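Here's the structure we're looking at; comments come further down.
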Amino acid sequence: MGRLSIDRVSKVFDIDGRQVQALKEISLELEDGQFGALIGPSGCGKSTLLRMVADILPPTSGSISIDGAHPSQARKDHRIGFVFQDATLLPWRTVLENIRLPLEIVAERDPDREKLPRELIELVGLSGFEKAKPSQLSGGMQQRAAIARSLVLSPRVLLLDEPFGALDDITRSRMNLELLRIRAETKITALMVTHSIQEAVFMADRIFVLAARPGRIADVVEVGLDRPRSFAQMSDPAFTGAVDRVRQCLFDQQAMAAIDV
Ligand SMILES: Nc1ncnc2c1ncn2[C@@H]1O[C@H](COP(=O)(O)OP(=O)(O)OP(=O)(O)O)[C@@H](O)[C@H]1O
Ligand SMILES: [Mg+2]
């Protein structure tokens, strides 16, 4: 299971005595195993939304549930994995030790789980690099190690905040395919923030386009492309149509923001 439900969630921050509405009445649903993408202008609240799902921040109002459970319960049950923009690996630990870290933190002695770090290293294509330190890996390899680490407690929902933003285009495309393969093997539900329209369409079943000030959902685009996905689909009318629709929505917002000023 890995059903994510966000119901009329708002978030107001107090910035030096000033109330800033970061998000207003966000509602979205992802079914078990679906891939969702979040796209929108800088500052529209994408990271804030992921943090609330991960129980790092509480919403000001509204509710979030993961398989019917509150995020705090989902976190206790290790149902949520989180991949940040930077790999955030501990530099003094090897790849294997970094991937094992969540297991050490929860300190559960489950023999089945003990095998997982090595299986995940294979899944993310880092076999042979178990003993390497993060500084001895490329950016893409570091991000793969971070993805493996996020999966080590077998979460049902994976949150990714611009995971490939720091990578060059070719590495990023390869990582997109890798992530889709990992998703197909683990059947995990995923919600990924990206600034790339093409990436959102290539990866997702459903794209949530956000508008800013306050952050709100401007459009939901269903991507009707078969899986497994391949780059050949990029010339498919379903692909180009979804790209156009997301782009138009983002452009319309920019135009409106310009009129506001
Ligand atoms: N901890 C915080 N305290 C106060 N305000 C915050 C905090 N975190 C985020 N904000 C505010 O909430 C808004 C949304 O920020 P957020 O980081 O979620 O945007 P984002 O969509 O992820 O942007 P980007 O695309 O640049 O990463 C911004 O106005 C920001 O100033
Ligand atoms: Mg962000």
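Some notes on this structure:
- Heavy-atom accessible surface of the chain: percent carbon and sulfur, 1.4 Å: 51 percent
- The chain, Cα convex hull volume normalised per residue, Å³: 140 Å³
- For segment 89-154, alpha-carbon Rg and Dmax in angstrom: 10.9, 32
- Partner aspartates and glutamates for LYS24 [C-alpha distance under 13 Å; skip if fewer than 8 residues away on the same chain]: ASP7
- Think of the chain as a dipole: +1 on every Lys or Arg Cβ, -1 on every Asp or Glu Cβ, centred on the Cα centre; then among HIS70, SER235, ILE207, HIS70 lies furthest on the positive end.
- Nearest 10 degrees, 0 to 90: helix 169-186 Cα axis against the chain principal axis: 70 degrees
- Summing charges over all other residues whose Cβ lies under 14 Å from the Cβ of LEU180, with Lys and Arg as +1 and Asp and Glu as -1, gives +3.
- Against the main long axis of the alpha-carbon atoms of the chain, helix 237-260 sits at an angle near 60°.
- About the centre of its Cα atoms, the chain shows a dipole size close to 380 debye [charges on the beta carbon of Lys, Arg (+1) and Asp, Glu (-1) only; nearest 20 debye].
- Net charge over other residues, Cβ less than 14 angstrom from the Cβ of ALA242 (K, R count +1; D, E count -1): -3
- Computed Rg/Rh of segment 102-197, alpha carbon atoms with Kirkwood Rh: 0.96
- Fraction of antiparallel bridges per DSSP, segment 141-234 only, in percent to nearest 5: 55 percent
- Computed from point charges on the beta carbon alone (+1 for Lys and Arg, -1 for Asp and Glu), the dipole magnitude for segment 29-104 about its Cα centre is near 260 Debye.
- Mean accessible surface per residue for the chain, computed with a 1.4 Å probe while every protein chain stays in place, in Å²: 49 Å²
- Degrees separating the helix 139-151 axis from the principal Cα axis of the chain, which is the longest one: 80 degrees
- Computed [θ] at 222 nm, helices only, for the chain once each DSSP H run of length n ≥ 4 contributes -39500 (n - 2.57): -12000 deg cm²/dmol
- Under a model in which nothing but the beta-carbon of Lys, Arg (+1) and Asp, Glu (-1) is charged, segment 89-154 shows a dipole of about 240 debye around its Cα centre.
The values are calculated or read from the model by the stated rules, or taken from the named source; none is laboratory data. Just so you know, these numbers come straight off a predicted model, no measurement behind them. In this analysis, Cβ positions are derived from the backbone assuming ideal geometry, glycine residues included, and neighbour counts consider all displayed protein chains. To get the accessible areas, we keep the full protein, side chains included, count just its heavy atoms, and leave off ligands, DNA and RNA. Shrake-Rupley method; radii C 1.70, N 1.55, O 1.52, S 1.80 Å.
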